[in-house]
Amino acid sequence: MATTTYDMIVIGAGPGGYVAAIRGAQLGLKVAIVEREHMGGICLNWGCIPTKAMLRSAEVFHLMHRAKEFGLKADGIGFDLDAVVKRSRGVAKQLNSGVGHLMKKNKVTVVMGEATLPAKGRVSVKTDKGTEELAAKAIVLATGARARELPGLEADGDLVWTYKHALMPPRMPKKLLVIGSGAIGIEFASFFNTLGADTTVVEVMDRILPVEDAEISAFARKSFQKQGMTILEKAMVKKLDRAKGQVTAHIEKDGKTETHTFDTVISAVGIVGNVEGLGLEKLGVKVDRTHVVTDPYCRTGVEGLYAIGDVAGAPWLAHKASHEGVMVAELIAGKNHVHAVDPDAIAGCTYCHPQVASVGLTEAQAKEKGHQVRVGRFPFIGNGKAIALGEAEGMVKTVFDAKTGELLGAHMVGAEVTELIQGYVVGRTLETTEEDLMNTVFPHPTLSEMMHESVLDAYDRVIHI
């Protein structure tokens, strides 16, 4: 069988893979991309994008209930879950076809099928029409990850859901249990709770949103509880008894096990890398707890083989995968001065209500690393734009090195913070100090002024509180 040779083959067309393919093509490489399911991967089809579309519907629904506050009238407020889902699927579909168009535009060869790596520099793809053999000096693994399933808590699509089932729910849950309070768990809890589900969140760690700064987690927890959610921290779902139309969860907390009954369970207990069935062991690729081990430049240690995105480990974020994709394509094309991706410079965003966003070190991490810190805070209630928006709940927190003035981390909770965080991300990339941020003029009236005030507060110069 004839083998087609390329300069670069990418396996997986998610936000890591398809971006790597585009950048490689821009740099004059002959590129092929292999995808077994959807262009755009999980992010576009079953993750980041459709969840944001659904959460937007919940946000508008929430605002409709507050119409009176804004001098407006809205009667007979309701929702049609099928229509909410249909809109979200439409948004995903639009972007999915957009990726296909980008591949054509950049002359990237798309091969739909299941890839294996039979030998170094070779990719075999099982397609509908048979097997295609491809070869390249450089191969980029961008196979992503899938939901972790815990024994006894496996999804069945009826009573127990993964994120995929939750995105196309067979019904509206009345009494919902969400296991895991990372971004995925909290976003679904927020969505269904806003639409009226009686929602309980169970988190095994000592606080929800465990990767966030402790103060932000605590603020978010209070907000969720105010919205009627039940939050159980330092708790564990030991087993689920499934019966017709209901699940009894055995929840262990403080050494005691209690049973609670729900009609729906969403399991969001992390992800595992898609490393099986590729032939990685035979090639000598190191895999640690389902993730491919790489150096800072995403090299696997096997000549010409790179791994990017979720399959290469945390942080499991689409924008990290895309950035690594660009970096790897530039390395392969022989560009000089390629920068490794710094995990501390990558922002995390959670689109619950209120939103949560952060970049860099938490206050606790900064202290653990030996920094003397200066910490500033500013509440949304002190900001004119937040009050005018009717969004006076939230805070901005900044962490600086007391000696050098380096911005070590920034943490926010409240309306639109997922958009605001980028200001601090740019600041960190430009190695900003407190002085630069203090001397920057922030436009009025905007939510961004709180970012300025939080910096001023760290140095005892805050104006509006």
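Here are the numbers for the structure shown:
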item	result
Strands (runs of 3 or more DSSP E) contained entirely in segment 238-281, each with at least 3 residues that are in contact (Cβ under 8 Å) with a residue 24 or more places away in the chain and closer than 13 Å to VAL178 by Cα	246-253, 256-262, 264-267
Number of the exception - LYS403 against (1) among the basic types (Lys, Arg); (2) surrounded by fewer than 15 Cβ atoms within 10 Å (Cβ to Cβ); (3) in contact (Cβ under 8 Å) with a residue 60 or more places away in the chain	(3)
Flag if LYS107 is in a loop (DSSP other than H, G, I, E, B) and not hydrophobic (A, V, I, L, M, F, W, C)	yes
Residue in segment 127-147 that is in a loop (DSSP other than H, G, I, E, B), open to solvent by 40 Å² or more (accessible area, probe 1.4 Å) and within 27 Å of VAL111 (Cβ to Cβ) present	yes
Subset of segment 368-380 [surrounded by 15 or more Cβ atoms within 10 Å (Cβ to Cβ) and more than 23 Å from MET64 (Cβ to Cβ)]	HIS371, VAL373, ARG374, VAL375, GLY376, ARG377, PHE378, PRO379
Tally, over segment 182-210, of residues that are open to solvent by 10 Å² or more (accessible area, probe 1.4 Å), under 14 Å from SER267 (Cβ atoms), aliphatic (A, V, I, L, M) and not in a helix (DSSP H, G or I)	1
Matching option when the condition is in a loop (DSSP other than H, G, I, E, B), more than 30 Å from VAL265 (Cβ to Cβ) and either open to solvent by 60 Å² or more (accessible area, probe 1.4 Å) or among the charged types (D, E, K, R) (or both), among PRO118, PRO151	PRO118
Condition met for ILE179 (β-branched (Val, Ile, Thr) and either out of contact with any Lys or Arg (no Cβ under 8 Å at 6 or more places or on another chain) or closer than 30 Å to ASP82 by Cβ (or both))	yes
Residue list for segment 329-363, restricted to those being farther than 23 Å from SER448 by Cβ, aliphatic (A, V, I, L, M) and either free of Cβ contacts under 8 Å to residues at least 60 places away in the same chain or loosely packed, with under 13 Cβ neighbours inside 10 Å (or both)	LEU331, VAL338, ALA340, VAL341
Of all residues in segment 297-318 being under 23 Å from LYS137 (Cα atoms) and touching an Asp or Glu at 6+ places or on another chain (Cβ under 8 Å), the one that is most open to solvent (accessible area, probe 1.4 Å)	GLY301
Criterion (in a strand (DSSP E or B) and either of a type in the set (S, T, N, Q) or modelled with pLDDT of 95 or more (or both)) met by exactly one of TYR297, TYR306	TYR306
Hits in segment 264-281 (condition: open to solvent by 30 Å² or more (accessible area, probe 1.4 Å) and over 22 Å from GLU35 (Cα atoms))	VAL269, GLY270
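Results for (1) more than 26 Å from the chain's Cα centre (by Cα); (2) closer than 22 Å to THR194 by Cβ; (3) open to solvent by 50 Å² or more (accessible area, probe 1.4 Å), shown as yes or no for each residue.
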| residue | (1), (2), (3) |
| --- | --- |
| ALA220 | no, yes, no |
| PHE224 | no, yes, no |
| GLN227 | no, yes, yes |
| GLU233 | no, yes, no |
| VAL237 | no, no, no |
| GLN246 | yes, no, yes |
| GLU252 | yes, no, yes |
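The values are calculated or read from the model by the stated rules, or taken from the named source; none is laboratory data. Remember, it's a predicted structure, so these values are computed and weren't measured experimentally. Ideal geometry is used to build each Cβ from the backbone, glycine not excepted, and the neighbour counts take in all protein chains shown. Only protein heavy atoms, including side chains, enter the accessible area calculation; ligands, DNA and RNA are left aside. Shrake-Rupley method; radii C 1.70, N 1.55, O 1.52, S 1.80 Å.
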